[in-house]
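What follows is a short report on a single structure.
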Amino acid sequence: MNTSLKTTLIFTLLLYFIFFPLKILSQNQDIRFDHITPGDGLIHDIVTAIVQDEDGFIWIGTEDGLMKYDSYTLTPFKNDPDDSSTIKDDWISRMLCDSKGRLWIGTALGLDRYDKKSASFIHYYLPLKASQTGIPNNGVVLLYEDKKGNLFTYTQASGLWVYDEKKDIFQKNPLVNKIESELPGLLTTLFQDSEGTYWIGTYNGLLKWKNEKNFRLLKKNNLELSDSKIFNINEDANGNIWIATEFGLNKIDKTSGKIKIYFPTPKNNLCD
């Protein structure tokens, strides 16, 4: 596994456990983990994304296909070049189950939505940027739904798009255009906090967008963040914003604006 992917997975898991209800953990000291391996039918041993749908099924994305797990059986889904109803590509990059129960799957070649009635995949076309040259990288980097139900997706070759419910397509709108106009680098993650503020992670810093005219860029060069390459963003129960970067974890106090940085040390057991 490459260093960047390893770091992303480590910090994603770390943020999950920060926000996982500690009360639940304290009540279940005998938590048991079952291991699912290729020997059990897992299609590939490198897992890239996991999500649970509204019916309770666990969807597992890997570097070589998608699987549905019902606690007993693993059902594989693979691309078949001769069947347009199959998944667009076997490399799964992102997954999201939205507020309406729809399962979205980002692949290395674009975006799909799973139709559970027909057990098939609907493909969505994302036009390439006018400035795109060479071999396009249309792998899905981002899938995110904000508090108003806006569903965003992003690829390096196509940029940022939002889903139009009535037309069943992804398109540009004023919100998307505004965000794209302010991006200091490639988009990596997007998060809307409890107050409606957007936090936009890129490979060249973090954008905070509170209203139409208030964009603020935080990055390593400004001596504000531990690193400018942002991997993940979340908010805890106290309203603090946690930023996972390639080198270090950052906690932003929204009230004071102060930032506390956590680096890997033997004392705090933060994995590097």
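The values are calculated or read from the model by the stated rules, or taken from the named source; none is laboratory data. Being a predicted model, the structure only gives us computed values, none of them experimental. Ideal geometry is used to build each Cβ from the backbone, glycine not excepted, and the neighbour counts take in all protein chains shown.
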Boolean, residue 245 is farther than 16 Å from residue 201 by Cα and either β-branched (Val, Ile, Thr) or in contact with a Pro (Cβ under 7 Å, 6 or more places away or on another chain) (or both):
no
Could you look through the range 65-89, keep only residues that are at pLDDT below 95 and not in a strand (DSSP E or B), and pick out the one that is nearest to residue 111 (Cα to Cα)?
70
By residue number, the members of the range 191-206 that are β-branched (Val, Ile, Thr) and within 8 Å of residue 229 (Cα to Cα) are 202
